[in-house]
Amino acid sequence: MKERYEDIDEYIADLKKEIDKNEKCATHYYNLGLAFLSKRDFVAAEEAFLNAVRNSPHLAEAYVQLGGICMSRGDMEGCLRYNQEAANCRPKYAIPQSNIAFVHLQNGDPDKALAALDKALKWQPNFIQARNALATALFMKGDLEGSEKAARKLLDEQPEFAPAWNNLALALFEQGRHEEAVKACDRAVELGFEVDPGFLEELAPHRA
């Protein structure tokens, strides 16, 4: 529907008119939330998504979007809660499981992250973000070879995916393969990834 509109505000106005006609339509509220997100109006988007789940409590996509809004403001607990709700609504939905894993990684709990990633990749084996998170979780667990393998497998299929190059660099560095780590890190930077400044300092003495 949105593709017919050149102006996002016109689209929002029409959605609001549709909602006035039918205040119980969760789909209109969900689309309104997406429209506000495109304008980076997170407050209005959150209100729209909350109205969507009030009218359709099992609308998993809306819970995922609410989790994303929480993540954008640093509310990891809220992000986790909404994504868990999405996963409960739709058990075989990979995106909330990947987001749950992300929160657990942020909280320093790779075991819980791996449990969520196992589900995400079972249902969507080619989910890039989940596969990259797997490399991160394995690195955090100290499984450096496993992390390297996961990163390389992803890069074989997605050679332009910068975060995987960063993960590869970390795994290589911790294995003492410093020159390879430098090359992988440089590739991540070339592709637009913001490498941790502390890691760049560690790499500096190993540059030719």
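The values are calculated or read from the model by the stated rules, or taken from the named source; none is laboratory data. Predicted, not measured: the structure shown is a model, and the values here were computed from it. Methodologically, a virtual Cβ is constructed for each residue, glycine included, from the backbone with ideal geometry; neighbour enumeration extends over all protein chains shown. Only protein heavy atoms, including side chains, enter the accessible area calculation; ligands, DNA and RNA are left aside. Shrake-Rupley method; radii C 1.70, N 1.55, O 1.52, S 1.80 Å.
Table for the structure above
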{"item": "Helix-only [θ]222 nm of the chain, DSSP H runs n ≥ 4, -39500 (n - 2.57) each, per residue, nearest 500", "result": "-24000 deg cm²/dmol"}
{"item": "Length gained when the stretch R73-I8 is fully extended (0.36 nm per residue, less Cα-Cα span)", "result": "21.0 nm"}
{"item": "Cα gyration tensor category, rounded, prolate or oblate, for the stretch 1-79 with a/c compared to 1.5", "result": "oblate"}
{"item": "Charge tally in the Cβ shell below 13 Å around G192, where Lys, Arg are +1 and Asp, Glu are -1, G192 excluded", "result": "-3"}
{"item": "Cα-based helix-to-principal-axis angle, 8-21 vs the chain, degrees rounded to 10", "result": "50 degrees"}
{"item": "With at most 13 other Cβ atoms within 10 Å, longest stretch of the chain clear of loop trypsin sites (Lys or Arg not before Pro) (DSSP)", "result": "93-206"}
{"item": "Rounded to the nearest 10 Å², the accessible area of H58 at probe 1.4 Å", "result": "140 Å²"}
{"item": "Accessible surface, the chain, averaged per residue in Å² (probe 1.4 Å)", "result": "55 Å²"}
{"item": "Given K112/K153; K141/K183; K92/K141; K16/K112; K92/K149; K17/K119, the pairs whose alpha carbons are separated by over 32 Å", "result": "K16/K112; K17/K119"}
{"item": "Area accessible to solvent at M76, 1.4 Å probe radius, in Å²", "result": "40 Å²"}
{"item": "Segment K153-R81, length gained on full extension (0.36 nm per residue, minus Cα span)", "result": "22.8 nm"}
{"item": "Within-14-Å neighbourhood charge of P110 [Cβ basis; K, R +1; D, E -1]", "result": "-2"}
{"item": "Potential lengthening between F199 and Q175 on full extension [0.36 nm per residue; Cα-Cα distance subtracted]", "result": "7.2 nm"}
{"item": "Mean separation of Cα contacts under 8 Å (6+ apart) over length of the chain, as relative contact order %", "result": "9 percent"}
